[in-house]
Each structure stands twice: as C-alpha cells, then as structure tokens.
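Before any comments, here is the structure.
The values are calculated or read from the model by the stated rules, or taken from the named source; none is laboratory data. Treat the numbers as computed from the prediction; the structure is a model and nothing was measured. Virtual Cβ from ideal backbone geometry, glycine too; neighbours counted across all protein chains shown. Please note that ligands, DNA and RNA were not included when accessible areas were found on the heavy atoms of the full protein model with its side chains. Shrake-Rupley method; radii C 1.70, N 1.55, O 1.52, S 1.80 Å.
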Amino acid sequence: MDMPSQTKLRIAALALGWSLVMVSSTTAWAQEGDAHQEMLRLSAEAQEQYDAGQLQEAADTYREAYAAYPQPILLKNEMIARYLIEDCDRSMELAQGFEASGEATAEDELDLAAVYADCSLVLASASLEAGELEEARQQLTLGESHWDEELAGEGEALWERLGRAQTEREAQAQSLAASSAASSAIEAPPEVGGAPVGGWVLTAGGVVGIVGASAWYLSSRGDVEELQEVAAEGIDRARYEELSDSVATARWGVPTLYALSGLATVGGILWVVMQSSDEAPALTVMPEVGPQSAGARLRLRF
C-alpha cells in the first residue's frame, strides 16, 4: 500500500525542527563539550543531505546526531526522513519516541498524526498478508483515531479483512482439533475388560458427528436463502459479509465433518464386529439427502 501523495507533500514541505532549536540555544550549549558540538555538526550535515534529496543518508545522519547528544527534535527529523522513504516500521518507532519525550508542539502533533495514520494502514496491510493478525489489530488500533475520511474507508476495509481472516483461522483450528481427536480415537481405542467398549464409543461419536453435520447443513441452507435475500435488497453490507463467511465455512466444513464422522462410525462398527464375531460382517453405508434433511443409513449384518 503506497502512502497518500497529499500527505507526503505536506510532510516534505515542512522545515525540519533542529535548525530553530539549535540557533536559539547555541550559546548555552557551546559550553557542554565535544558531544554537543558533534551533534551540531552531524545535524547540519543531515540538513544538507535532506535539502539535497538524500533522504536515506539524512535519516542515518540524524540517528548518529541523536546518539552523540540526544535531543528529542532529532527523533522527529529522522522520522520525517524515514517516512518519506516509506520506512514505516522505523517511522512509527520514532513517532512514539518523540511523542513520549513530551516536547512535541501542536504543529509537531500534526506531523505525528500523519505518520500514525498512513503507516498504520501500510503496516497493517503487510501484517495481514503475512498472517500476523494480532500485529495487524494493534496497528489499526494505533492509527484509527488519526484517519481522515478517505483513510477511514481504507481502514474499515482492513478491519473487515482482519475479521474474515480471524474467522477462517478459528474454523481451521476447530477442524484440525476434530481431525486430531478422530485420529487419536482410531489409532488408540480404549479397552475395558476385553469388551469392545471402545468400538461403541467410537461409533457413538461418529453418529453424533453425522447428526451435527446434518444440522449444520440444514442451517447453511437457511443462510444461503437469507444471503440471496440480503444480496437482492443490497442495503445491509455487514449482514451480507457475515452470511458470506458463514456459507463459505459451511461449504468445506460440512463435508469434512461428514467424512470424519463417517470414518469414525465405520471404524467403530468394524471394531465391535471383529471382537464380537468370527463371521465376516456385511456392512452397507447408504447416504440420504432430502430437501429438509441430510445424513446416512448404516446397515450391518453380523
């Protein structure tokens, strides 16, 4: 995401803050030793680099000046230079450091707000692309109060992306947990006194899963119908997004739950049969899907 050009132009037109401070205080600072003089020299060098358009060099030199003799205004100067080369990570750190110094003027606060507003969107977008959802949430929260009307629209879109990503992650975690539970039950079934209790437990769990999948399927049909109605009306964007996410999750979640539950049910029945009879079992699985219901019929002869 590129920074808004109008904000860049406003920042670029600012006078860097060091010169006014340095000129008014040179006499008092002249007695403070070599460290202060080195800071003045580096600050002047950084100003020349900035004026010449050498923004990366100016930012680095301002950082050296601050290390030689820390003056909070140097944090702002480096912040502006790094903002203009789109180094948002460092710009945000410097903005927070300068703000914490307590020396920011009303004009400085405008510059800080511009950095917070633009860089929060840039960094949040990058975090979402990398799957770093908590970092994206923190960045959006930090910048939200500084957005103007235009940036607020971009921010709202990122908040919606974050919500969808969080929903998908939670659904994947639930699916993985269900799959792990089913695998554990099949690979290490419990035994009580030699009787096929584990088989019955596994079968019961599979049947419960099938019933749950059927209920989810019926619920999703209702969501699909409501989604079509909301889309036709075109007035409730939030409800449309919510229903879209629910339907998308159901499209892969229902088949997955059916498959896992069916596997558990079949495995449990075979376990019971193999421990209960020497005769080869005859097992038939018949799926049943109707206009108001969905499930499966199991027929076992042993």
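For a quick check of understanding: with a 1.4 angstrom probe and all protein chains in place, what accessible area in square angstrom does residue 169 have, to the nearest ten?
110
Modelled label-to-label distance, residue 106 and residue 164, 7 Å Cα→beta-carbon offset: nm?
If labels sit at residue 106 and residue 164, their model points lie 4.3 nm apart.
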